[in-house]
Amino acid sequence: MASTATTVCTACSCLCDDIGLQLEDDIIRRVENACRKGSSSLYGARFEQRRSRHLVEGREVGADEAIDRAAAELSRARRPLIFGLDNSSLEAQGAGIELARRLRCVIDDTSSFCQGNLVGQILSGALPSCTLPEVKTSDLILYWGANPHHSHPRHLSKFTIYAHPDYTELGAVRRVTLAAVEVRESETSSVCHRVFRILPRADRDLISAIGKGMAGQETSADGKRVVDLFRKAKFTVIFAGLGLTYSLDNDYLPFIEMVKQLSSWGRVAVIPMVGHYNMRGFNQSLHKAAGHVNKVSFADGVSSGDQFSFLEQVRNRSFDCLMVIGSDPFASLPKSVSSALEGIPRIVIDPYQSATSEGSTVVIGSAVTGVEAAGTAVRMDGAEVKLLPPLAPSRPGDEEILRRVMEKVSR
Amino acid sequence: MPKKDKMQPLQLYRYLPRSNCKKCGVPSCLAFAFGLISREKKPEDCPDMLKDEYRPSLDLLKEYFGEGAQVEKTGLLIDKDKCTGCGDCVIACQKCQGTIMFGTGTILPRDVPDVYKIVDGIVDVKHWESCKRCADRPEMCRVCEERCPTGALELVK
């Protein structure tokens, strides 16, 4: 039977809530307003060849047996590690954190090697931020080290420059400026009013040039131009991408100092260009539960540090059982690092087959959150969005799986 | 970035016989180049291009223009492989064709349906009649093409 529905897209952390669907017997026939990433993720939910089945050592089993085996592996392990949860709902993340606390183990997510530190600075109040609807009151939008046309395709049209009420295609007066700091010519820089091309890893130099320019000292030409731009703006929003994060090597002090200085000229807000749709949700949930955004160990009370990051844990083989939820670290880890995981029992909870699920001890196929399973997610600006699943679930959701595993874990 | 990949009429002209023989039905080879860009002509419509000496040019032009490109009534050609469905053209067009500006600087809505819609992750022309290029007195607006970050949109007329 044909029907229509409105849903929230969970392909990236924009969480676009205006996606129109035409359905026929629980199959999506048409997707409106979603970008290519979003429509692929919606159609992909019914692509059975890509979906995970419940497996124990490569043998197809029922959900109960897979969950029993996962619980047995976790109970047997002395130092398990939980990783992922960025593509799960807030409710599932809560269950994952609870499980980590019960197992007294390390929990981490992909934010430990991307935007986690920046989200941490915002949550601790070191960096000012704002919501995406507030961006429509800004007069300078700056993408720093980000190319949203690749990572968040609808970012400009739904939240920033094109959605800005002061943006017009008519007339000669420009009331809102779009600028970018980039190391190369990109899709985003091609539509910006002002582009500042810098050398790779030269972000720190530009920040110090801006600092000098603001203090009235002699500075570089680019530094002067950026300072002029900031001086004219009453409300600046900086979208910090991975380019900035990797260039600063997670040391945000110069950036925080720059933002503090700029705040004396007008309002400044920083929004991280978070990748996974609920990565910020994980950071917020863990911050609330343990006071840290990632890299947390519940072994002796609560502790956090670089030694608990997934990469360090893998490098040092610090765990004897790995549980990965909705993430595919094997697709991005170097072979030399991932080969260190051989022989360690691996439990994967994922809606789709992945490099990580390949050869895992236990694979539990889960429902696609946002398409088949309901829940809440946190957008890149920290706003909570209720997910509206348009399809009936074909597998249990992440939260249900984690709660069932928790019931059976003997600790 | 987008415009760099697109061949301009004078660039195309260099690949043509430049004899202005009119066998293709247009007055000159430059006019034929314009016809190629607007997809009203095909490279093989030029009889001289079928000669062996122009074979490399013919192959290049055939590859560049491809087969079966469908030009919308507004003169728009959509490269569906390049489109990412970002929706920049949808909103930029809304702000341009959906509004009218008076000499005083006052901008008012035109109350017409949107030209574009993103369907299945790719832009689609829904209401070509709303486009300023299709008005009684056409306005050769190029906003959608200029705002497209991937070069997926090309106005060929």
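Bear in mind that the values in this text are calculations on the coordinates, not laboratory data. Given the structure is predicted, the values throughout are model-derived calculations rather than measurements. Every residue, glycine as well, gets a Cβ built from its backbone with ideal geometry; the counts of neighbours run over all protein chains shown.
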Checklist entry - Relative to the first principal axis of the alpha-carbon coordinates of chain A, what is the inclination of helix A:90-103, with its axis defined by its Cα atoms, in degrees from 0 to 90 and to the nearest 10? => result 60 degrees
Next on the checklist: What does the C-alpha gyration tensor say about the overall shape of segment A:116-272? Classify as rounded when a/c is under 1.5, otherwise prolate if a/b is larger than b/c, or oblate.
Outcome noted: rounded
Next on the checklist: Percent of Cα-Cα pairs more than 20 Å apart in segment B:3-66, please.
Outcome noted: 14 percent
Checklist entry - So what is the calculated 222 nm ellipticity per residue for chain A, using -39500 (n - 2.57) for each DSSP H run with n of 4 or more, over all residues, to the nearest 500 deg cm²/dmol? => result -9000 deg cm²/dmol
Next on the checklist: Would you calculate the convex hull of the Cα atoms in segment A:263-393 and tell me its volume per residue in Å³?
Outcome noted: 157 Å³
Next on the checklist: Using alpha carbons only, how many angstrom separate the centre of segment A:245-261 from the centre of segment A:205-234?
Outcome noted: 15 Å
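Counting only DSSP beta bridges with both residues in the protein assembly as shown, tell me the antiparallel percent, nearest 5.
50 percent
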Item to check | chain B: radius of gyration and largest Cα-Cα distance (Dmax), Å | outcome: 18.1, 61
Checklist entry - Which angle from 0 to 90°, rounded to the nearest 10, does the C-alpha axis of helix A:398-408 make with the longest principal axis of chain A? => result 40 degrees
Item to check | Average beta-carbon neighbours from other chains, 10 Å sphere, peptide A:30-40 | outcome: 5
Checklist entry - Between the helical axis of B:88-97 and the dominant principal axis of chain B, each derived from Cα atoms, what acute angle in degrees is found, rounded to the nearest 10? => result 70 degrees
Checklist entry - How many partner chain Cβ atoms sit within 10 Å of a residue's Cβ in peptide A:180-188, on average, as a whole number? => result 2
Checklist outcome for this item: From DSSP H assignment alone, runs of 4+ in chain B each adding -39500 (n - 2.57), the sum over residues rounded to the nearest 500 puts [θ] at 222 nm at -7000 deg cm²/dmol
Checklist entry - Which GluC sites (Glu not before Pro) from segment A:42-82 combine a DSSP loop assignment with at most 16 other Cβ atoms within 10 Å? => result A:57
Checklist entry - With each label point set 7 Å from Cα along the Cα-Cβ vector, what nm distance links residue B:62 and residue B:45? => result 1.7 nm
Item to check | trypsin sites (Lys or Arg not before Pro) within segment B:86-142, DSSP loop, no more than 16 other Cβ atoms inside 10 Å | outcome: B:110, B:126, B:142
Checklist outcome for this item: Here the relative contact order (percent) of chain A, from C-alpha pairs under 8 Å and at least 6 apart, is 26 percent
Checklist entry - Please state the equivalent ellipsoid semi-axes for chain A: what are the square roots of 5 times the Cα gyration tensor eigenvalues, largest first, in whole Å? => result 39, 26, 17
Item to check | trypsin sites (Lys or Arg not before Pro) lying in DSSP loop within segment A:178-222, provided at most 10 other Cβ fall within 10 Å | outcome: A:184
Item to check | Where Rh is the Kirkwood radius over Cα pairs, Rg/Rh for segment B:76-155 | outcome: 0.98
Checklist outcome for this item: P(r) over all Cα-Cα pairs of segment A:257-326, 5 Å bins from 0 to the longest distance, whole percent per bin, short to long, reads 3, 12, 16, 18, 17, 13, 8, 6, 4, 1, 0
